[in-house]
1. Only loop residues by DSSP count here, and only those with at most 16 other Cβ atoms within 10 Å; note down the trypsin sites (Lys or Arg not before Pro) in region 130-227 that meet that.
2. What nm value, rounded to one decimal, do you get for the distance between residue 209 and residue 156 when each label is placed 7 Å out toward the C-beta?
3. Work from the charge dipole of the chain (Cβ charges, +1 for Lys and Arg, -1 for Asp and Glu, about the Cα centre) and give the residue of 85, 233, 129 farthest towards its positive end.
4. To the nearest Å, what is the center-to-center distance of region 99-133 and region 164-209, using C-alpha atoms only?
5. Rounded to the nearest 20 debye, what is the charge dipole size of the chain about its Cα centre when +1 sits on each Lys and Arg Cβ and -1 on each Asp and Glu Cβ?
6. Note down the relative contact order for the chain as a percent, whole number, built from C-alpha pairs under 8 angstrom at least six residues apart.
7. What is the set of long-range amide H partners of residue 42 at a cut-off below 5 Å, with H atoms built 1.01 Å from backbone N?
8. Between residue 97 and residue 238, what's the calculated FRET efficiency when r is the beta-carbon distance and R0 is 25 Å? Round to 0.05.
Amino acid sequence: MKTLKITTILIAIFIATNPASISQNLTGKQIIEKVYNRDTGNDQTSDLSMILINAQNKERVRKLKQFIKDYGTVEKKIMFFVSPADVKNTSFMNWSYDDESKNDDQWIYLPALRKTKRISSDSKSDYFMGSDFTYDDLGDRKLEDDTHTLLMEENVDGKLCYVVESTSVDKDYMYSKTITWIDKATFIGVKKEFYDEDGELLKIMTVGNSQTINGIIVVMKITMENMQKKHKTIMQLSNVNVNNGVSDSYFTERMMMRGI
């Protein structure tokens, strides 16, 4: 690392602690709004590998099929587990609304119970199928649910990123805050830190292997690592199709029970 003059160091410290000197045009809230409004296409289908890695570095792999469709005021997503046998035919569905006053609707179908269960607000902090993603992580957070502060700009893997801290307006929310690194060129979050209710680092999510499919940038790999439990989940997409038309019939409780 090159030696820097004292004046250069002082300038760097000033820039890092004064967001206004970094970006005169965008506030933290405006940056997050651009992330939320990024074009992800009208619909998407994909195969999904969920890889669970424990503290001993042992892996369990689960295969899923995923369908997503944007209806303008609501985005619907459904996932079907296809293997291994102990989770086969389990399904999960999420409806996210543009309406700021409406929370996500979520359901899970457990074939052993032959019953579709609605995920209550009290269960949103539960972990999904042994992964490091909570039910809340799988939904869409509303812009107004947090206060967003631009902290600085920083390079992550060669990408110049905004660094935005988001603090929930709900003091009882499961995360005391999150910090997101957002690629300035694409407004895709490439890294996100989650802090628990005591302000301790809980999880780190990293995003990679983006591809452009039918003109839409698709994130192909997401890794969520629980720093406290020493457990990791990798979500890897393949066979992705965008804007090819997805039937409305997929997004029903009947289809959850029937499977694919």
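1. For trypsin sites (Lys or Arg not before Pro) across region 130-227 that sit outside H, G, I, E and B with at most 16 neighbouring Cβ atoms in 10 Å, the list reads 171, 184.
2. 1.8
3. After comparing all options, I get 85.
4. With region 99-133 and region 164-209 each reduced to a Cα centre, they are spaced 21 Å.
5. Numbers: 35 positive and 37 negative charges, 212 e Å.
It works out to roughly 1020 debye.
6. Numbers: 537 pairs, mean separation 53.6, N = 260.
Result for the chain is 21 percent.
7. 243
8. Working: r = 29 Å, r/R0 = 1.16.
Result of the calculation: an efficiency of 0.30.
Laboratory data are not the source of any read-out in this text; all were calculated from the coordinates shown. Remember, it's a predicted structure, so these values are computed and weren't measured experimentally. Glycine gets a Cβ as well: all are built from the backbone with ideal geometry, and neighbour counts include every protein chain shown.
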